[in-house]
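The values are calculated or read from the model by the stated rules, or taken from the named source; none is laboratory data. Just so you know, these numbers come straight off a predicted model, no measurement behind them. Quick reminder, even Gly has a Cβ in these numbers, built from the backbone with ideal geometry, and neighbours come from all protein chains shown.
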Amino acid sequence: MEPLPLSALNDFLFCPRRAGLKFIEGLRGTNEHTVLGDLAHEHVDMPGYELRAGWELLRALPLFSDKLGLSGKADLVEVRRNPATGGITAAHPVEYKKGPKRRFDNDEVQLCAQALCLEEMFVLTIDSGAIFHAASQRRSEVAFDSALRDQTVQALTDLRTLLAGGVSPAPELKPQCEGCSLHEVCLPEAAAMRSASLFIPRSYS
Ligand code: SF4
């Protein structure tokens with residue numbers, strides 16, 4: 001199974017067409033949200049580790065899951081080790097986001113997918129992770145309950161089905177379009193105009 005990038009999940013849940021444009025058609029876009037997002041990640045994208053309050057902080061940790069066919073990178077994973085063996089006995093992923101939570105973000109699913117990778121890599125169970133919002137400097141805890149785990153696995157299945165079909169969904173003007181970095185190439189307004197009645201034909205009878 002070809003591994004999917006973890007970020008594709010977030011794109012897919014934000015808008016399936018966005019995932020199609022990026023991962024079927026290879027398009028990329030930049031807007032103020034993506035630039036701010038890159039800045040928020042600036043300090044966590046360098047691989048490394050440090051110790052804090054008994055937790056080891058692993059930055060930019062590569063992730064994979066053979067079971068789910070996923071690969072990517074975790075911004076930060078807080079881990080505890082068995083002092084005797086050095087083996088990891090607990091892990092807590094933390095995802096960095098540029099601002100406060102927005103209505104269409106799907107950060108919980110992306111974080112849960114990271115946890116599923118870590119569980120497979122280190123053979124342990126992870127109960128929760130956290131999302132760090134750079135704008136407010138606050139962390140929100142996310143519980144990896146069965147509903148979120150099911151939602152994550154289902155989203156992956158749906159994403160794979162979309163990509164296997166090889167056709168991006170049609171554009172559809174919706175609230176997410178406003179903050180979408182692919183807005184200018186997607187042109188959802190044009191699609192909305194095409195489907196609207198532009199004029200009423202004259203009757204010659
Ligand atoms: S502009 Fe709208 S329809 Fe197009 S990819 Fe972005 S969110 Fe989806």
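One residue stands out among those in region 3-26 that are farther than 13 Å from GLN114 by Cα and touching a Lys or Arg at 6+ places or on another chain (Cβ under 8 Å): the one that is nearest to the ligand (Cβ to nearest atom), which is CYS15. Against the criterion of being more than 15 Å from the ligand (Cβ to nearest atom) and at positive phi, GLN137 qualifies. Taking first residues from region 149-176 that are under 24 Å from ILE126 (Cα atoms) and in contact (Cβ under 8 Å) with a residue 24 or more places away in the chain and partners that are away from the ligand (no atom under 14 Å from the Cβ) and of a type in the set (Val, Ile, Thr), the Cβ contacts under 7 Å between residues at least 6 apart in sequence or on separate chains come to GLN151/VAL109; THR152/VAL109; ALA155/VAL109. The residue that is farthest from GLY179 (Cα to Cα), among those in region 84-110 that are surrounded by 22 or more Cβ atoms within 10 Å (Cβ to Cβ) and modelled with pLDDT of 95 or more, is ALA91. Of the residues contained in region 160-178, none is found to be acidic (Asp, Glu), at pLDDT 95 or above and surrounded by fewer than 17 Cβ atoms within 10 Å (Cβ to Cβ).
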